[in-house]
Amino acid sequence: MFFIRLATLFLFAFLSACSIQPRLEGSAWSANSEAIDSYYRDWQGTHYRLGGTGRGGLDCSAFVQNLYAEVFNQRLARTTERQAEQGFQILPGEIEPGDLIFFKTGWKARHVGVYIGDNQFVHASTSVGVTRSSLSKDYWRDAFWQARRIKNF
């Protein structure tokens, strides 16, 4: 009987994780969202450059690393692969502003952005540079890999 209950709980948790519906909560949510959005606006349109780390061009993990240093005064690893090991994994329904969102965009390719709220995230896109995108778009919804919380905001 114990194993049946455990299996039922596991199945419920798994099925509830299949939907990316971030929760929205209070003033901490709003403050993080505004701080991230302000940082994003300052970098918006900066060109993508693989391995780049500054205004002349940067990649997705450098953008996220720089954002975390500036907005949250926290150090993150330099690469997407290493960032995907930091903090702790959260369910899609638990995503809040400031959480890292990871995608599998190719056979070995990974991408990272920072959730900002209202189903939006900011990132450095290979096609348009630093931009804001929606998790509702088929491309991002299908490529979603995991979300991680670095700091308990």
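The values are calculated or read from the model by the stated rules, or taken from the named source; none is laboratory data. Keep in mind that what you see is a predicted model, and the values were worked out from it rather than measured. Here Cβ is always computed from backbone atoms with ideal geometry, including for glycine, and neighbour counts include all displayed protein chains. Surface areas here come from the heavy atoms of the whole protein model, side chains and all, with no ligands, DNA or RNA. Shrake-Rupley method; radii C 1.70, N 1.55, O 1.52, S 1.80 Å.
Filtered by the rule that a residue be open to solvent by 10 Å² or more (accessible area, probe 1.4 Å) and either closer than 22 Å to residue 53 by Cα or in contact with an Asp or Glu (Cβ under 6 Å, 6 or more places away or on another chain) (or both), region 128-145 gives 128, 131, 132, 133. Restricting region 40-63 to residues that are closer than 17 Å to residue 116 by Cβ and free of Cβ contacts under 8 Å to residues at least 60 places away in the same chain, the residue that is least open to solvent (accessible area, probe 1.4 Å) is 42.
Restricting attention to region 103-127, the residues being assigned to a loop (DSSP other than H, G, I, E, B) and open to solvent by 90 Å² or more (accessible area, probe 1.4 Å) number 5.
Can you tell me which residues in region 64-79 are of a type in the set (A, V, I, L, M, F, W, C) and crowded, with 16+ Cβ neighbours inside 10 Å? Those that are of a type in the set (A, V, I, L, M, F, W, C) and crowded, with 16+ Cβ neighbours inside 10 Å: 64, 67, 71, 72, 76.
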